[in-house]
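First up is the structure itself, then whatever we jot down about it.
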Amino acid sequence: MPIGCDRFILREVGLMRVFHRGKGAGRSKGAAAPLLSILLLLFLSACATQRYQGPISGLSANAQITQTSALGKVIERLDLTPYSGRKIFLDVVTLTERYTERSPEEAFIHSWLAEKLAEQGVRIVSSPAEADLRLTARARAIGVDRIRRDFPLIYYAEITRALADFHFVLYDLKEERLLAAFDRVGRASLRESFWFYMIGPFRTVK
């Protein structure tokens, strides 16, 4: 075979090898593209939302647990032992709607406060005319926020956060003067976590 033909054949074989290598690299890049697209979709679709829920009544168990926990932190820090033996008229005021003398939330808070004061030796009376002192518990904020965080297909968490912010004022009804004014704030949170949307819930309460 002539030398020129040998060179032509070798050159043709080399070009074929380069061509096949190029096709293999193209196939590997094509296989990686869907994987990159899926990862990008997961990162972009992760989100967090916040939802508002109103007063205590009618809420889920988680919302009620966190709300009463926050309220309990307010009440446990209330100390009226210096007024033990005195007759106090207790007045609870919140921003919830009233259809009777007290809203359900106000009745719940009133009963818990009355129990705490009775433990400290205070006598609770039903009208200002019978009382020596008047204690007003004004709720500046009492409610629940719910926050959801998730990473699609891998992790999901729902966090319930409660706040109880109260301003207390104590009046002397006989002498018509202000005795004390103070604030009490309580916070609580409950997190429920799921892995792969099936394993859980794992609960954390603070």
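The values are calculated or read from the model by the stated rules, or taken from the named source; none is laboratory data. Computed from a prediction, not measured in an experiment: that's the story for all the values here. Every residue, glycine among them, receives a Cβ derived from its backbone with ideal geometry; neighbour counts consider all protein chains shown.
Can you name the residue in the range 119-149 that is more than 26 Å from Leu95 (Cα to Cα) and out of contact with any helix residue (DSSP H, G or I) (no Cβ under 9 Å at 6 or more places or on another chain) and, of all such residues, is surrounded by the fewest Cβ atoms within 10 Å (Cβ to Cβ)?
Of everything passing the filter in the range 119-149, Glu119 is surrounded by the fewest Cβ atoms within 10 Å (Cβ to Cβ).
Looking at Ala129, is it free of Cβ contacts under 8 Å to residues at least 60 places away in the same chain, in a helix (DSSP H, G or I) and in contact with a Phe, Trp or Tyr (Cβ under 9 Å, 6 or more places away or on another chain)?
The answer is yes for Ala129.
Quick one: which residue in Leu190, Leu170 is out of contact with any Phe, Trp or Tyr (no Cβ under 6 Å at 6 or more places or on another chain), buried (at least 16 other Cβ atoms within 10 Å of the Cβ), within 15 Å of Gln67 (Cα to Cα) and not charged (D, E, K, R)?
From the options Leu190, Leu170, the qualifying one is Leu190.
Quickly run through the range 111-126 and pick out the residues that are under 30 Å from the mean Cα position of the chain (by Cα) and without any contact (Cβ under 8 Å) to a residue 24 or more places away in the chain.
Of everything in the range 111-126, those that are under 30 Å from the mean Cα position of the chain (by Cα) and without any contact (Cβ under 8 Å) to a residue 24 or more places away in the chain turn out to be Ser111, Glu115.
Kindly indicate the residue of the range 172-206 that is in contact with a Pro (Cβ under 8 Å, 6 or more places away or on another chain) and in a strand (DSSP E or B) and also nearest to Ile109 (Cα to Cα) among those meeting that condition.
Glu192
Just to confirm my filter: which helices (runs of 4 or more DSSP H) fall fully inside the range 1-119 and include at least 2 residues that are modelled with pLDDT of 95 or more?
61-76, 104-119
Considering each residue of the range 152-163, count those that are part of a strand (DSSP E or B) and either in contact with a Ser or Thr (Cβ under 9 Å, 6 or more places away or on another chain) or of a type in the set (Val, Ile, Thr) (or both), and give that number.
Going through the range 152-163 one residue at a time, the tally reaches 8.
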